[in-house]
Amino acid sequence: MEIKEQKREADLLRFITCGSVDDGKSTLIGRLLYDTKTIFEDQLQNIERTSQQRGEEYVNLALLTDGLRAEREQGITIDVAYRYFATPNRKFIMADTPGHIQYTRNMVTGASTANLAIVLVDARKGVIEQTCRHTFITSLLKIDHVILCVNKMDLVGFSEEVFNKIKTDFETFISRLDIADVSYIPVSALQGDNIVNRSESMPWYEGPTLLYTLENVHLGSDLNFVDARFPVQYVSRPQTTEYHDFRGYAGRVEGGVFKPGDEVMILPSGFTSTINSIETFDGPLAEAFPPMSVTITLADEIDISRGDMIVKPNNQPQASQDVELMICWMNEKPLVKGRKYIIRHTTREAKCLVKEIRYKMNINTLHKIEDDLSIGLNDIARIAIRTTVPLFYDEYRRNSATGSLILVDEFTNETLAAGIIL
Amino acid sequence: MGYQPWTMDETDMSYSYKLSYLKQLEAESIYIMREAVAQFEKPVLLFSGGKDSIVMAHLARKAFWPAKLPFPMLHVDTGHNFPETIEFRDYLVNKIGARLVVRTVQDSIDQGLAVEEKGPNPSRNGLQTVTLLSAIEEFKFDVAFGGARRDEEKARAKERFFSHRDEFSQWDPKNQRPELWHLYNGRKNPGEHFRVFPLSNWTELDIWQYISEEELELPSIYFSHQREIVNRQGVLLAKSEFITLLKGEQYEEKTIRFRTVGDMSCTGAVESPASNLDDIIAEVAAARVTERAARADDQRSEAAMEDRKKQGYF
C-alpha cells in the first residue's frame with residue numbers, strides 16, 4: 001500500500017497496544033509500520049545490521065520501537081513510545097505501552113489519551129493475568145473500543161479451536177467490565193497474517209484484518225459537545241497600543257459549544273456575563289468547540305484568573321471539596337492516608353487530603369479488597385479526598401477532561417497517581 | 001442533569017463539529033505552549049532557523065495573539081551555519097517583533113567550557129549542548145521550548161511533552177514522569193528546568209502540510225537549487241569553509257535541496273527537483289529514508305541521540 005495522497009480532512013485515531021512481555025507486541029507494531037510502508041529504508045537497514053550482529057534468523061522488527069539502550073540490551077520495552085502512521089483516510093498515533101509489570105504506570109499514561117486499545121495475547125498462553133490487568137485499565141479509562149489480537153497463531157498450527165477458546169475466556173472476563181465494542185482477530189505478527197494482509201493460513205477466519213479494523217472504527221462520541229466547559233488557562237493582556245484594553249481568557253474548550261452572545265457563568269465567583277467574541281490569530285470565530293484552543297472575551301470586566309472555569313448558567317459542573325476517585329498509583333513510595341498531596345485538575349492546582357481508602361481492586365478477579373488497604377505501585381484503589389478549594393468537575397465517564405486529575409508529591413514534585421472522578 | 005448516553009443527533013453533531021487532523025495538532029501545540037507559559041517564570045524558545053522551529057514560532061504567535069511572544073528566542077550558533085538560515089532568522093525575528101538572543105559555541109570554546117573535536121572537519125553539534133546549558137544558566141530560563149518531534153528518532157519517540165531536567169540538565173529516560181490526559185506537571189525544584197516539546201505529535205509530513213496550509217516562509221535552502229557538493233560516504237555535503245576535501249574527494253555541481261537545516265559541516269543534501277511546497281510534500285510522502293538519515297551526527301552509533309539527549313541536548 002502506497003500512501004501518496006493524505007487527505008487533509010483525514011481524521012485521527014489514537015490507540016494503544018498492550019500485552020505482556022513476550023506476546024510479540026513490538027513485532028506487531030513493527031509489522032504494522034512495515035506493511036503500511038511507514039518504516040524507512042535507513043531504519044530497516046539499521047535493524048537488519050543489528051539483527052545480523054546478534055545472529056538472529058529474521059529481521060527483528062522489535063528493534064524499531066525499543067528506542068532506549070537498556071531496552072535493546074534487555075529485549076524489553078520500558079517506556080511508552082509513540083509511533084505515527086497514516087492511511088489515506090486516517091492518521092494514527094500509536095502509544096506502545098510496555099507490558100512489563102513494574103512499568104504498568106506507562107500503560108495508564110498511554111491509555112489516558114487513547115480511543116482504542118489493542119490487547120495482545122500469545123495464542124500458546126491465552127488470557128493471563130496481564131491481559132486482565134490491561135483490559136481492566138482500558139475499561140477504567142473509558143476506552144470504548146478494544147481489539148483482542150491473538151498473536152503467534154503460527155505456533156499453534158493456526159488452530160481455530162485455540163482461537164475460539166481464548167475468545168470465550170476473554171468474553172467471560174469482560175462481561176464484568178464496561179467496554180462498548182470488542183473485536184477478535186487471530187494474527188501472526190512475525191509472518192504478517194491478518195495484520196495488513198489477509199492470512200492464507202486461516203481461511204476459517206472471515207473477519208477483517210487489524211489495519212482494516214483500525215481504519216474503520218467509528219469515532220464520533222469521544223468528545224462531549226453538550227456541556228460547555230472552558231477552564232481558563234492563561235489571561236491575555238497584551239497592553240500594546242493597538243490592543244490597549246484587550247482582556248482575553250485563553251484556554252481549550254473541554255466540552256460543549258461556545259458562541260458570541262452566549263450567557264456564561266464564571267466559577268468559582270458565580271458572576272455572569274456574555275461572550276463578546278471568540279478570538280484567534282486567524283480571526284474571530286462564530287463558535288468554538290472541543291478540542292479548540294481559543295481566547296474568549298467577555299462583555300463585562302470580571303476578575304478571572306487561571307484555574308477558573310467558564311460554563312453556562314443552566315448547565316453547571318459539580319462543585320465540591322469532597323471528591324471520590326479511582327486512582328492508579330504510579331510511584332514506589334506508597335499512598336499515605338492522612339497525607340497532603342498536590343492535585344492538578346483542568347488548569348487548577350490545589351492541595352488535597354486523603355481522607356479514606358475505601359478499597360483496593362484485585363484486578364484479576366475484579367473483587368474489592370477491604371482488609372489490605374496498603375496502596376503501592378500499580379495498585380488501583382477507590383479513595384476519598386478533601387480539597388483545599390472546590391473542584392468543578394464532571395463524572396469521568398461523561399467528560400474525561402473535567403473528570404480526571406493527577407496527584408503530585410509536594411516535596412519531590414513527582415506525579416504519583418492518576419485519578420478518575422466518580 | 002443526569003448522564004444520558006449519546007443519541008443519534010448528538011453523534012451527528014460531533015460530525016459537524018469536526019476539526020481536521022492538522023487543526024487538532026495545532027490546538028494541542030497551542031495548549032501546550034500556553035500551559036508552559038502559565039506554569040513557568042522564564043520561558044525561552046529554542047530557534048534554529050529550521051522548519052520545525054519556524055512552525056513552533058508560528059504556533060507561539062497564535063497561542064499568545066494579540067500579545068507578542070511572551071518570551072525571547074534563543075539561537076545556539078555553532079558558527080557553521082548556512083548563510084541563508086541566518087539571513088532568514090534575522091528577517092523572521094524582525095517581522096514578528098520577537099526578541100532574539102544568540103549565544104555561540106565559539107564563545108564556549110574561548111571560555112574553556114568546550115573543546116573543539118579533533119580531525120579535519122570537527123562537528124560542533126555536540127558542543128551546542130554546552131552553549132545551550134550555559135545560556136539557560138545565564139538567563140535563568142526555567143523552560144525551553146524545543147521543536148523536536150517523536151517521529152524523528154527512536155529515543156525521541158519516548159520523550160514527554162513536559163520533560164524534566166535535573167540540576168545537571170540531564171534527561172533520565174527510565175525515570176520520566178507519567179504524563180496523563182493533558183495534565184502537565186511542570187513542578188520543579190530550584191536549579192532544575194524543563195524542556196517542552198509542542199510538536200511532539202507532528203510528523204515531517206504534517207509539518208510540510210501545515211507550512212503549505214499556513215503559507216509560511218522558509219529559508220531558501222529547503223527548495224531545489226544548484227550547489228557544489230561533495231559525496232562523503234553517501235552524505236552530500238555542501239561546499240563551505242567548514243569542509244576539507246579528503247583524498248580522492250572532489251566537488252561536483254548538483255540540483256539539490258535540504259530536508260533539515262543543521263550545520264554545514266554535517267547536514268547532507270538530497271538530490272531533488274522539488275522547488276515548491278507541493279513538490280516537497282509529494283517528495284516527503286514518497287520518501288523512503290528518514291530526514292535524519294542525511295545527518296552525519298546521527299550516524300555515529302545506534303544510541304547517538306539518546307546519549308546526547310541525556311547530556312542535555314535539544
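No value in this document is a laboratory result; all are computed from the given coordinates. The structure presented is a predicted model; accordingly, all values stated were derived computationally and were not measured. So basically every Cβ, Gly included, is an ideal-geometry build from the backbone, and we count neighbours across all protein chains shown.
Charged side chains reduced to their Cβ positions (Lys and Arg at +1, Asp and Glu at -1) give the stretch B:61-205 a dipole of some 680 debye around its Cα centre. Taking a straight line from the alpha carbon of residue A:25, these lysines sit under 17 Å away, with near neighbours fewer than eight places off in the same chain left out: A:125, A:152, B:154, B:158. Among the residues of B:16-25, the average count of other protein chain beta-carbon atoms within 10 Å of the residue beta-carbon is 6.
Both radii were evaluated on the Cα set of the protein assembly as shown; the Rg over Rh quotient, with Rh as the Kirkwood radius, amounts to 0.96.
Expressed as a whole number of Å, what is the distance separating the alpha-carbon centroids of the stretch B:105-172 and the stretch A:199-256? Here the two parts' Cα centres lie 33 Å apart. Taking the alpha carbon gyration tensor of the stretch A:229-311, multiplying each eigenvalue by 5 and rooting it gives semi-axes of 17, 15, 12 Å, largest first. Find which of A:145, A:135, A:271 sits farthest along the positive direction of the dipole of chain A, computed with +1 on the beta-carbon of Lys and Arg, -1 on that of Asp and Glu, about the Cα centre. The one lying farthest along the dipole's positive direction is A:271.
What FRET efficiency, computed as 1/(1 + (r/R0)^6) with R0 = 45 Å and r the Cβ-Cβ distance, is obtained for residue A:204 and residue A:395, rounded to the nearest 0.05? Could you put the intermediate results ahead of the total?
Numbers: r = 43 Å, r/R0 = 0.95.
Efficiency, from the Cβ-Cβ distance: 0.60.
Which residue fluctuates the most in chain A, going by a Gaussian network model with Cα springs under 10 Å, if the choices are A:104, A:365, A:135? So, out of A:104, A:365, A:135, the one fluctuating most is A:365.
Just check the stretch A:131-265 against the gyration tensor rule for me: Cα atoms, a ≥ b ≥ c as the square roots of the eigenvalues, rounded for a/c under 1.5, and otherwise prolate or oblate depending on whether a/b exceeds b/c. Could you put the intermediate results ahead of the total?
On the way: a/c = 3.85, a/b = 2.79, b/c = 1.38.
Prolate shape, in that a/c is at least 1.5 and a/b is the bigger ratio.
Is the shape of the stretch A:181-237 rounded, prolate or oblate, going by the alpha carbon gyration tensor and its root eigenvalues a ≥ b ≥ c, with a/c under 1.5 for rounded and a/b larger than b/c for prolate? Prolate, since a/c reaches 1.5 and a/b exceeds b/c. When the stretch A:220-365 is described by a simple charge dipole with +1 on each Lys and Arg Cβ and -1 on each Asp and Glu Cβ, the residue from A:357, A:304, A:257 located farthest towards its positive end is A:357. Between A:383, A:29, A:47, the residue with the greatest mean-square fluctuation in the GNM of chain A (Cα pairs under 10 Å linked by springs) is A:47.
Loop-located GluC sites (Glu not before Pro) in the stretch B:25-54 (DSSP state not H, G, I, E or B) with no more than 16 neighbouring Cβ atoms inside 10 Å: B:41. Looking at chain B, the DSSP beta bridges with both ends there are about 60 percent antiparallel.
If you take the C-alpha gyration tensor of chain A, multiply each eigenvalue by 5 and take the square root, what semi-axes do you get, largest first, in whole Å? Walk me through the numbers before you get to the answer.
Working: eigenvalues 343, 147, 79 Å².
Computed over chain A, the values are 41, 27, 20 Å.
Among the DSSP beta bridges whose two residues both lie in chain A, what percent are antiparallel, rounded to the nearest 5? List each step's numbers first, then the result.
Details: 72 of 98 bridges.
Antiparallel bridges make up about 75 percent of those DSSP assigns within chain A.
What you get for the stretch A:229-311, charging only the Cβ of Lys and Arg (+1) and of Asp and Glu (-1), is a dipole of about 260 debye around the Cα centre.
The amide H of residue B:145, built 1.01 Å from its N in the peptide plane, has B:44, B:45, B:46, B:196 as neighbours under 5 Å, considering only residues 5 or more places off or on other chains. Taking the alpha carbon gyration tensor of the stretch B:106-248, multiplying each eigenvalue by 5 and rooting it gives semi-axes of 32, 24, 14 Å, largest first.
Note on chain B: with charges restricted to the Cβ of Lys and Arg (+1) and Asp and Glu (-1), its dipole about the Cα centre is near 600 debye. Sorted from longest to shortest, the spans of the Cα atoms of chain B along the three principal axes equal 79, 47, 39 Å.
In chain A, helical runs assigned H by DSSP with n ≥ 4 each contribute -39500 (n - 2.57); averaged across all residues and rounded to the nearest 500, the mean residue ellipticity at 222 nm is -5000 deg cm²/dmol.
Projecting the Cα atoms of A:330, A:209, A:52 onto the charge dipole of chain A (Cβ charges, centred on the Cα centre) puts A:330 farthest toward the positive pole. Under a Gaussian network description of chain B, with springs only between Cα atoms under 10 Å, the residue in B:189, B:276, B:94 that fluctuates furthest is B:189.
Which percentage, to the nearest 5, of the DSSP beta bridges contained in the protein assembly as shown is antiparallel?
On the way: 91 of 130 bridges.
In the protein assembly as shown, approximately 70 percent of DSSP beta bridges are antiparallel ones.
Pairs from the table (B:23/B:239; A:37/B:18; A:165/A:333; A:351/B:51) lying more than 32 angstrom apart at Cα are B:23/B:239; A:165/A:333; A:351/B:51. Annotation note: chymotrypsin sites (Phe, Trp or Tyr not before Pro) in the stretch A:340-422 located in DSSP loop regions with a Cβ neighbour count of at most 11 within 10 Å are A:411.
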